[in-house]
Amino acid sequence: MVVLDTNALMMPVECGVRVFEELDRLVDDPDLVTPQAVVAELEKLATGAGEEAAAASVGRDLAERCRIAETAEQYADDAVVELAAGGAGHGADADTGFDGYVVTNDRPLRERLLARGVRVIGLRGANTLAITEP
């Protein structure tokens, strides 16, 4: 499972990253998932003006290429962490933990995930993604 957060879905506009092509390069047959809370955040940001709103609008459209997961958490970052922790019936079993990745360029979220032993995919260089192991 590859969980995408809000800024991962905004990367094509904000950073010029071809997110799905990069994920195909890094992960064999990625199961793309994004929490409903991320979609809601993108919808809210898309109602504004400027580059952030444009990026959120594109991100909202890109989210349609992902499986949308319901979570108990309403805040997008917490929903991402919940999925990475195997919540809401997702992830690997309790004995092995989460056997997937989270795509984010959000430093505080990245640190939270790495501290929990979750592999993070983030921006490396101008427009390339790379995996960081905990």
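Computed from the coordinates by the stated procedures, all read-outs in this text should not be read as laboratory data. Given the structure is predicted, the values throughout are model-derived calculations rather than measurements. Methodologically, a virtual Cβ is constructed for each residue, glycine included, from the backbone with ideal geometry; neighbour enumeration extends over all protein chains shown.
Tabulated data
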{"quantity": "Farthest toward positive dipole pole in the chain [+1 Lys/Arg, -1 Asp/Glu at C-beta], among L45, T34, V81", "calculated": "L45"}
{"quantity": "Peptides ranked, highest mean first, by Cβ atoms within 10 Å: ranges 98-109, 40-51", "calculated": "98-109, 40-51"}
{"quantity": "Under the Karplus curve 6.51 cos²θ - 1.76 cosθ + 1.60, θ = phi - 60°, whole-Hz ³J(HN,Hα) for region 124-134, x wherever Gly or Pro sits", "calculated": "10, x, 5, 8, 10, 9, 9, 8, 10, 7, x"}
{"quantity": "Rounded if a/c under 1.5, otherwise prolate or oblate - region 2-132, Cα gyration tensor axes", "calculated": "oblate"}
{"quantity": "Structure-based [θ]222 nm, the chain - -39500 (n - 2.57) summed over DSSP H runs of at least 4, per residue, nearest 500", "calculated": "-12500 deg cm²/dmol"}
{"quantity": "For the chain: relative contact order, % (alpha-carbon pairs under 8 angstrom, 6 or more apart)", "calculated": "27"}
{"quantity": "Gyration tensor (alpha-carbon) shape descriptor, region 1-66, a/c threshold 1.5", "calculated": "oblate"}
